[in-house]
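Chemist: Take this structure first; my questions come after.
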Amino acid sequence: MELRQLTDRVFYSLHNKEVDRPVLGYINGRKYSLMVDSGNSKRHVQLFNEAIINEGLRKPDFIAITHWHWDHSFGMNAIEGITFANKKTNEKLAEIAKWKWTDSEMKKRLETKLEIEFADSSIRKEYPVLSEILVTTSDISYNGTMEIDLGGIVAELHPIVSPHSEDCTCIFVPQERVLFIGDAVGVDYYNNCYLDKSKLNSLLIAIEGIDFDICVMGHADPASKLDILNIIGSLLDR
Ligand SMILES: [Zn+2]
């Protein structure tokens, strides 16, 4: 897995479309390091850890989850550090933790529209052995905003309104002027790919108000602030 350095203390791994692996972030503090999103499986976590160690960095002490979707959260059980997710994310994960991962149960969830085709087919690709899936909630659950002092660098976890999911969190690293927004700029796959423009507009206003240079997204290359505002603007005009 390729790891790229974005700024002095911020790194990210590339996304992989084939098995729907999102970008994972890494913020290197003097005392602690923070990973952004836990990846979609144990394999994803292992590849990320190898890339981190190759770079001469230590494994993440903390992991912050941007939203509940499987590709961002199913790696949580395989991670050694302490995981953080907001209450809404954990409520959804607690629900999914009760799901059974057999072919017939997965088919049932598709029929009842609890699950979507895209996630179902990607999960099957990532997990040839379905019984390996283990969904957990995070170690630490928080409401609202949280700041983590990593030693010389602070990561701020903020809830953000998004048309993609109800529970989106962005991770802002003011000292490096980097904003991790997960999939916040995106449609709601669990609601027929609906794009709620009033939520998108709230997201636009929120992003405009944050003082950053580079935005890291879940399934795309990093973009400048101007680029991300233009992307949102063109989605609003659609
Ligand atoms: Zn998502």
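The values are calculated or read from the model by the stated rules, or taken from the named source; none is laboratory data. It should be emphasised that the depicted structure is a prediction, and the values quoted were computed from it without experimental measurement. Quick reminder, even Gly has a Cβ in these numbers, built from the backbone with ideal geometry, and neighbours come from all protein chains shown. For accessibility, only protein heavy atoms count, side chains too; no ligands or nucleic acids. Shrake-Rupley method; radii C 1.70, N 1.55, O 1.52, S 1.80 Å.
Chemist: Quick check on SER234: is it of a type outside the set (A, V, I, L, M), away from the ligand (no atom under 16 Å from the Cβ) and under 21 Å from the mean Cα position of the chain (by Cα)? Give the steps one after another, and end with the answer.
Modeler: Values: of a type outside the set (A, V, I, L, M): yes; away from the ligand (no atom under 16 Å from the Cβ): yes; under 21 Å from the mean Cα position of the chain (by Cα): no.
Against the criterion (of a type outside the set (A, V, I, L, M), away from the ligand (no atom under 16 Å from the Cβ) and under 21 Å from the mean Cα position of the chain (by Cα)), SER234 does not qualify.
Chemist: May I pose another question? Filtering the stretch 26-41 down to residues that are of a type in the set (S, T, N, Q) and more than 16 Å from the chain's Cα centre (by Cα), which residue is most open to solvent (accessible area, probe 1.4 Å)?
Modeler: That would be ASN28.
Chemist: Which of the residues spanning the stretch 31-62 are assigned to a loop (DSSP other than H, G, I, E, B) and more than 16 Å from the ligand (Cβ to nearest atom)?
Modeler: LYS31, TYR32, GLU55, GLY56, LEU57, ARG58, LYS59, PRO60, ASP61, listed by residue number.
Chemist: Right, next: Please go through the stretch 67-114 and pick out each residue that is of a type in the set (Gly, Ala, Ser) and under 20 Å from ARG43 (Cα atoms).
Modeler: SER73, GLY75, ALA78, GLY81, ALA97
Chemist: Out of the stretch 1-30, which residues are part of a loop (DSSP other than H, G, I, E, B), under 20 Å from ILE153 (Cα atoms) and within 16 Å of the ligand (Cβ to nearest atom)?
Modeler: Step one: filter the stretch 1-30 for residues part of a loop (DSSP other than H, G, I, E, B), giving 1-2, 6-9, 14-15, 17-20, 22-23, 29-30.
Applying the additional criterion that residues be under 20 Å from ILE153 (Cα atoms) yields 6-9, 29-30.
The answer is none; no residue qualifies.
Chemist: Same structure again: Restricting to the stretch 132-141, and then to whatever is open to solvent by 50 Å² or more (accessible area, probe 1.4 Å) and aliphatic (A, V, I, L, M), can you tell me which residue is farthest from ILE210 (Cα to Cα)? Before you say what the answer is, go through the steps one by one.
Modeler: First pass over the stretch 132-141, keeping only residues open to solvent by 50 Å² or more (accessible area, probe 1.4 Å): 132, 134, 137, 139-141.
From what's left, aliphatic (A, V, I, L, M): 134, 140.
Working: LEU134: 35, ILE140: 25 Å.
This residue is LEU134.
Chemist: Which number in (1) of a type in the set (A, V, I, L, M, F, W, C); (2) closer than 27 Å to TYR32 by Cα; (3) away from the ligand (no atom under 16 Å from the Cβ) marks the one condition that LEU226 misses?
Modeler: (2)
Chemist: Write out, first by first residue and then by second, each pair whose Cβ atoms fall under 9 Å of each other, whose residues are 6+ apart or on separate chains, and whose first residue, in the stretch 115-132, is over 13 Å from SER41 (Cα atoms) while the second is among the aliphatic types (A, V, I, L, M).
Modeler: Hits for this filter: GLU115/MET106; GLU115/ILE123; ILE116/LEU110; GLU117/LEU110; ASP120/MET106; ASP120/LEU110.
Chemist: Another question, then. When the stretch 42-62 is examined, which residues are found to be over 14 Å from the mean Cα position of the chain (by Cα), without any contact (Cβ under 8 Å) to a residue 40 or more places away in the chain and open to solvent by less than 30 Å² (accessible area, probe 1.4 Å)?
Modeler: ASN49, PRO60
Chemist: State which residue pairs qualify: first residue closer than 20 Å to GLU117 by Cβ and open to solvent by less than 20 Å² (accessible area, probe 1.4 Å) and inside the stretch 4-20, second residue of a type in the set (S, T, N, Q) and in a loop (DSSP other than H, G, I, E, B) in any location, beta carbons under 8 Å apart, and separation of 6 or more residues or different chains.
Modeler: So the pair list comes out as ASP20/ASN40.
Chemist: Can you give me the number of residues within the stretch 186-238 that are within 18 Å of LEU6 (Cβ to Cβ) and open to solvent by 20 Å² or more (accessible area, probe 1.4 Å)?
Modeler: Looking only at the stretch 186-238, we keep the residues that are within 18 Å of LEU6 (Cβ to Cβ), and these are 207, 210-228.
Narrowing the set further to residues that are open to solvent by 20 Å² or more (accessible area, probe 1.4 Å) leaves 210-211, 213-214, 217, 219-222, 224-227.
So the count comes out to 13.
Chemist: Look through the stretch 142-180, keep the residues that are open to solvent by less than 20 Å² (accessible area, probe 1.4 Å) and β-branched (Val, Ile, Thr), and return whichever of them is farthest from LYS197 (Cα to Cα).
Modeler: ILE153
Chemist: Now a separate question. Restricting attention to the stretch 63-89, which residues are away from the ligand (no atom under 16 Å from the Cβ) and crowded, with 21+ Cβ neighbours inside 10 Å?
Modeler: Across the stretch 63-89, the qualifying residues are ILE63, ILE79, THR83, PHE84.
Chemist: Scan the stretch 157-204 residue by residue and report those that are within 13 Å of the ligand (Cβ to nearest atom), without any contact (Cβ under 8 Å) to a residue 40 or more places away in the chain and polar (S, T, N, Q).
Modeler: Selection gives ASN191 alone.
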